[in-house]
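The structure appears below as structure tokens.
The values are calculated or read from the model by the stated rules, or taken from the named source; none is laboratory data. Remember, predicted model here, so these are calculated numbers, not experimental data. Virtual Cβ from ideal backbone geometry, glycine too; neighbours counted across all protein chains shown.
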Amino acid sequence: MKTYRKFKAVLAASVTALSLAGCSVKSDAASAESAQSTSGQIAVLAREEGSGTRGAFTELFKLAEDDKDLTKADAEITNSTAVMLTTVSQNPNAIGYISAGSLNDSVKAVSIDNVYPTVESVMDGSYTVSRPFLIAEKEGSDNKLAQDFKSYILSQSGQSIISDEGYVPIDADAVYEASGLSGKLTVGGSSSVTPVMEKLAEAYQKENPDIQVSVLQTDSTTGASGTVEGIYDIGMLSRDLKPEEESQGLESTVIARDGIAIIVNPSNSINELSKEQVKAVYTGEISDWSELLIDEN
């Protein structure tokens, strides 16, 4: 199974294919060219409150303590995956985090504890920074369009799209057959889930030309609350449902798994970090890139 779509380290002299788990990309030319970017103040970027990626990130890196987020107060907030990518790509001293399935050449993902985020490493558990992608519905909902779209997502056809887009699919045996239904369906929530949901909606509408699916990008918390309020027929979340969301009558279904990639500017010579180092950066204990330099020889 292929690695996450378009994921590759940016090298000054050449591009070397990543091996699966525990591989390391190293280039003397790249390190020499990017030396300036590995010293100086680290520009820490975080997602907004309500982001499922932020919620999963703080949990996985132990940045949540007694329901308090320990992310440093002056971290720059970005309100979507796209904005995070753009901001890191334009700032040589930036560090951020995104859905691994959304990686592209504008940024560089670093390994965490010597393991890169790939479909294989998430699937076999060696890359431990991962979370589920969910869809949420009201318990007992009799929305036939929502149920049919859900059936498509969980079918072999839907899971093939999830795999093709660089995410970890779930086991799927069902074969989808067009429903013959008509009408409109609104899906909304997580910006991490949105790109693959748009692909799923596009393919589903080809099977069902009389159905219109609108995919609205907000965040995971809004995906849950919007579904409770009836704004969305289906909510998208990149984290598990919270107890208070379940108590409001929501039920969830896992549609895929995804890694959370820690990203830096391509000019940065840092290729690997530990979980402890990432936590120290986000709490402010480490504030300069020079404190993270390692001997790669």
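Set side by side, the residues Leu181, Leu185 differ, and just one is in a strand (DSSP E or B) and either in contact with a Gly (Cβ under 7 Å, 6 or more places away or on another chain) or at pLDDT 95 or above (or both), which is Leu185. Of all residues in the range 117-161, those satisfying the criterion of being within 30 Å of Asn271 (Cα to Cα) and among the aromatic types (Phe, Trp, Tyr) are Tyr127, Phe133.
Look at the range 129-146: where a residue is touching a residue at least 60 places away in the same chain (Cβ under 8 Å) and a partner is among the hydroxyl-bearing types (Ser, Thr, Tyr) and assigned to a helix (DSSP H, G or I), sitting 6+ places away or on another chain with Cβ atoms under 7 Å, you get Ala136/Thr227; Glu137/Thr227; Lys138/Thr227.
Being among the hydrophobic types (A, V, I, L, M, F, W, C), closer than 18 Å to Ala261 by Cβ and at pLDDT 90 or above: is that true of Phe7 here? Spell out how you get there, then give the answer.
Working: among the hydrophobic types (A, V, I, L, M, F, W, C): yes; closer than 18 Å to Ala261 by Cβ: yes; at pLDDT 90 or above: no.
For Phe7, the condition - among the hydrophobic types (A, V, I, L, M, F, W, C), closer than 18 Å to Ala261 by Cβ and at pLDDT 90 or above - is not met.
The set of residues in the range 245-282 being among the small types (Gly, Ala, Ser), farther than 26 Å from Asn143 by Cβ, in contact with a Pro (Cβ under 8 Å, 6 or more places away or on another chain) and not in a loop (DSSP other than H, G, I, E, B) consists of Gly259, Ala261. Of everything in the range 65-104 that is surrounded by 16 or more Cβ atoms within 10 Å (Cβ to Cβ), among the polar types (S, T, N, Q) and in contact with a helix residue (DSSP H, G or I) (Cβ under 8 Å, 6 or more places away or on another chain), the residue that is nearest to Ser287 (Cα to Cα) is Asn93. If we scan the range 158-172, do we find a residue that is of a type in the set (Ser, Thr, Tyr), surrounded by fewer than 24 Cβ atoms within 10 Å (Cβ to Cβ), over 17 Å from the mean Cα position of the chain (by Cα) and in a helix (DSSP H, G or I)? The answer is yes; a qualifying residue exists.
Evaluated against (1) modelled with pLDDT of 95 or more; (2) under 21 Å from the mean Cα position of the chain (by Cα); (3) surrounded by fewer than 16 Cβ atoms within 10 Å (Cβ to Cβ), Lys242 falls short on exactly one condition, (1).
Taking (1) closer than 24 Å to Leu60 by Cα; (2) among the acidic types (Asp, Glu); (3) modelled with pLDDT of 95 or more in turn, Glu198 satisfies each apart from (1).
Listed here are the residues, each with its yes/no results for (1) loosely packed, with under 15 Cβ neighbours inside 10 Å; (2) modelled with pLDDT under 90; (3) more than 21 Å from Thr222 (Cα to Cα); (4) in contact with a Lys or Arg (Cβ under 9 Å, 6 or more places away or on another chain).
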position: Ser14; (1), (2), (3), (4): yes, yes, yes, no
position: Ser37; (1), (2), (3), (4): no, yes, yes, no
position: Gly52; (1), (2), (3), (4): no, no, no, yes
position: Ala56; (1), (2), (3), (4): no, no, no, yes
position: Leu63; (1), (2), (3), (4): no, no, yes, yes
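So, Val215, is that one among the β-branched types (Val, Ile, Thr), surrounded by 19 or more Cβ atoms within 10 Å (Cβ to Cβ), touching an Asp or Glu at 6+ places or on another chain (Cβ under 6 Å) and at pLDDT 95 or above or not? Write out each step before concluding.
Working: among the β-branched types (Val, Ile, Thr): yes; surrounded by 19 or more Cβ atoms within 10 Å (Cβ to Cβ): yes; touching an Asp or Glu at 6+ places or on another chain (Cβ under 6 Å): yes; at pLDDT 95 or above: yes.
Judged against the criteria, Val215 is a match.
Among the residues making up the range 107-131, those that are buried (at least 21 other Cβ atoms within 10 Å of the Cβ) and not β-branched (Val, Ile, Thr) are Lys108, Ala109, Ser111, Tyr116, Pro117, Ser121, Tyr127, Arg131.
Suppose the filter is out of contact with any strand residue (DSSP E or B) (no Cβ under 7 Å at 6 or more places or on another chain) and among the basic types (Lys, Arg); does Lys199 pass it?
Numbers: out of contact with any strand residue (DSSP E or B) (no Cβ under 7 Å at 6 or more places or on another chain): yes; among the basic types (Lys, Arg): yes.
Judged against the criteria, Lys199 is a match.
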